[in-house]
Amino acid sequence: MSTQLNERRHDFYLLTPGPLTVSDEVKREMLRDRSPNAEEHTKLTAEVRSYMLDICNGAATHECILVQGSATYAIEAGYQTLIPEGGKLLVIQNGFYGQRLRELAESIRVPLVVLELPMLPLPAREDIEQALDDDPEITHIICCHAETGTGVLNPIEMISEVARERKKKFMVDAVASFGGFPIDAAALDLEAIFVSPNKCLESVPGVGIVIAKKSSLGIAKGNSKSACLDLYAQWKFFEETGWWRWTPPTHVMGALAKACERHRREGGQAPRLERYRSNWRRLVDGLRQRGFRTLLPDDVAAPIIATFHDPEDPNYSFQKFYKALEKRNIVIFPGRLTATGTFRIGVMGDLVEGDMNFVLSAIDDALTELGLSPAEAVEAGHQ
Ligand SMILES: *Cc1c(COP(=O)(O)O)cnc(C)c1O
C-alpha cells in the first residue's frame, strides 16, 4: 500500500460503478493483437474460465461461460438458457439494478413475480417466504448482491438458504461484487452467478461472465430462444474446440487474463476487499468531515461505492460539482431514480490510499471553485 500522502497515480479517475480506473499493466495487454484461434488465446480463455471458478469455489460443481457483450448480456443469456419452459422467476427488487433484472425478464417474456422492496431495511426471510407461498409456480429466484444503484449489500446467504429449503434455483447478479466479496457457489448451491470484468475484477468491459451450475447447464440444450445468448451452445463449443463461437473480444480477453493474474497476486478476494474497505473508509470519513451525509448507514453499505446526499447549499448543483471534478480528470456518478438528490463515488479499481487522498484534495478544490468551501459544506450538512 502507498505510503505517499497524496499520490496521483493515474491520468484519469473513473470513480463510478464501472467501468473504472484500470492499471497500466492490464491496459498494456490490449496493445497486443492476438488470433482468436491461436493456442495462446485458447489457453488464455481456459485460464480465465478456470480462475473464475477458483474465486467462487465452483471448480467441482460449476462451469464458467463467457459471452461477448456486457454483463447484462450474460444475465439475459442466463435467463434464456437456465429458465426452461414452464419456469417462473421471482425477482427481489430493492434498487435500480433489481429493476433492471425485472425489465430484462419482462422484455424476453419470462413469467415473472416481483417482490418490490424499499431500499432498506434489507430483504427479510419472511418477505421471501411469503412471496414463495403466494405463488408455488415460482421455480427461480434472482437478486442483486451489491446493489450499486444504492450501495446496499444484499444478504445472499440468507436468500440461498430459503431457496434451498424451498427447492428453488437461486441466481445472483454479482456483477458488481464478484472478486471483491466472498461468494461460495458450491456452499450456496447457486444456479448462476453473473459477473462483469470491469468491477471488482479490475479489467476492461467487453465480455459477460456466467458461472452456472453444471447439472443445470447440462440439461439446458435448446432452452434459449436466442442463437447468440445461448449458454449451452457457447459452453459446448468452448469444451469441444477451446474456441469461442464467433469472434471473441481478443484485446479484452488479454486484459482480463492479466487482471486475473493481478487478482491472484494481490492474494485474491479477501485482500482486495480490505483495500476497497480502506479506500471507502477514507472517502466516507473525508466527505463526512466536509459536511456530506451518506445515504446509508455504514453497516449495510457495500464498501465499493458510497452514495451521498447533495449538500443543501444554494451554490451547489450536481452538474457544477461534476464539471469541476471532470476538469480535474475525475468522473463521479449521479444518483439513481431510486435515490434522488444523491451522487455516488466508487472506490473499486486500481486505487490505494494515495489516490483517495488525491481525490479528496481535488474535491476540496472543486468545492472552493463552486464557492462552497469545505467549512460551509460542513454547515450545510448540519442543517
Ligand atoms: C454494473 C452493473 C450491472 C450492469 O452491467 P453492464 O456491464 O453495464 O451490463 C448489473 N448489475 C449490477 C449490480 C451492476 O453494478
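The values are calculated or read from the model by the stated rules, or taken from the named source; none is laboratory data. Just so it is clear, the structure is predicted and the values come from calculations on it, not from any experiment. Here Cβ is always computed from backbone atoms with ideal geometry, including for glycine, and neighbour counts include all displayed protein chains. Remember, those area values only see protein heavy atoms, side chains included, never the ligands or the DNA or RNA. Shrake-Rupley method; radii C 1.70, N 1.55, O 1.52, S 1.80 Å.
Scanning for something open to solvent by 10 Å² or more (accessible area, probe 1.4 Å), over 24 Å from VAL67 (Cα atoms), in contact with a His (Cβ under 8 Å, 6 or more places away or on another chain) and within 15 Å of the ligand (Cβ to nearest atom), does the range 151-162 turn up at least one residue?
The answer is yes, given that some residue of the range 151-162 is open to solvent by 10 Å² or more (accessible area, probe 1.4 Å), over 24 Å from VAL67 (Cα atoms), in contact with a His (Cβ under 8 Å, 6 or more places away or on another chain) and within 15 Å of the ligand (Cβ to nearest atom).
Exactly one condition in (1) under 17 Å from CYS56 (Cβ atoms); (2) touching a Pro at 6+ places or on another chain (Cβ under 9 Å); (3) of a type in the set (A, V, I, L, M, F, W, C); (4) away from the ligand (no atom under 16 Å from the Cβ) is false for ALA187; which is it?
(2)
So is ALA324 buried (at least 18 other Cβ atoms within 10 Å of the Cβ) and over 25 Å from the mean Cα position of the chain (by Cα) or not?
Judged against the criteria, ALA324 is a match.
Of the residues LEU5, LEU104, LEU44, which is within 16 Å of the ligand (Cβ to nearest atom) and either modelled with pLDDT of 95 or more or open to solvent by 70 Å² or more (accessible area, probe 1.4 Å) (or both)?
LEU104
Any residue in the range 210-220 that is closer than 18 Å to PRO84 by Cβ, within 16 Å of the ligand (Cβ to nearest atom) and either buried (at least 24 other Cβ atoms within 10 Å of the Cβ) or not hydroxyl-bearing (Ser, Thr, Tyr) (or both)?
Among the residues of the range 210-220, at least one is closer than 18 Å to PRO84 by Cβ, within 16 Å of the ligand (Cβ to nearest atom) and either buried (at least 24 other Cβ atoms within 10 Å of the Cβ) or not hydroxyl-bearing (Ser, Thr, Tyr) (or both), which makes the answer yes.
Inside the range 243-296, can you point out the residues that are out of contact with any helix residue (DSSP H, G or I) (no Cβ under 8 Å at 6 or more places or on another chain), in contact (Cβ under 8 Å) with a residue 24 or more places away in the chain and not basic (Lys, Arg)?
Answer for the range 243-296, where residues must be out of contact with any helix residue (DSSP H, G or I) (no Cβ under 8 Å at 6 or more places or on another chain), in contact (Cβ under 8 Å) with a residue 24 or more places away in the chain and not basic (Lys, Arg): TRP246, THR247, PRO249, ALA270, LEU273, TYR276, TRP280, LEU296.
If we scan the range 247-257, do we find a residue that is part of a helix (DSSP H, G or I), over 22 Å from HIS145 (Cα atoms) and of a type in the set (Ser, Thr, Tyr)?
yes
What number goes with the only condition from (1) within 26 Å of ALA187 (Cβ to Cβ); (2) more than 16 Å from the ligand (Cβ to nearest atom); (3) surrounded by 15 or more Cβ atoms within 10 Å (Cβ to Cβ) that CYS144 does not pass?
(2)
Here is a list: ARG277, ARG281. Which entry is more than 22 Å from SER203 (Cβ to Cβ), in contact with a Pro (Cβ under 8 Å, 6 or more places away or on another chain) and open to solvent by 10 Å² or more (accessible area, probe 1.4 Å)?
ARG281
Working carefully through the options PRO111, PRO121, PRO205, find the one that is open to solvent by 20 Å² or more (accessible area, probe 1.4 Å) and either within 16 Å of the ligand (Cβ to nearest atom) or within 30 Å of LYS27 (Cβ to Cβ) (or both).
From the options PRO111, PRO121, PRO205, the qualifying one is PRO205.
Is it the case, given these coordinates, that THR16 is over 26 Å from ARG344 (Cβ atoms) and surrounded by 14 or more Cβ atoms within 10 Å (Cβ to Cβ)?
no
Could you tell me whether the range 310-332 includes any residue that is touching a residue at least 40 places away in the same chain (Cβ under 8 Å), hydroxyl-bearing (Ser, Thr, Tyr) and part of a strand (DSSP E or B)?
no
So which residues in the range 351-366 are in contact with a helix residue (DSSP H, G or I) (Cβ under 6 Å, 6 or more places away or on another chain) and either hydroxyl-bearing (Ser, Thr, Tyr) or part of a helix (DSSP H, G or I) (or both), if there are any at all?
Matches in the range 351-366: MET356, LEU360, ASP364, ALA366.
Of the conditions (1) touching a residue at least 40 places away in the same chain (Cβ under 8 Å); (2) crowded, with 19+ Cβ neighbours inside 10 Å; (3) within 16 Å of the ligand (Cβ to nearest atom); (4) not small (Gly, Ala, Ser), CYS228 clears all except one; give me its number.
(2)
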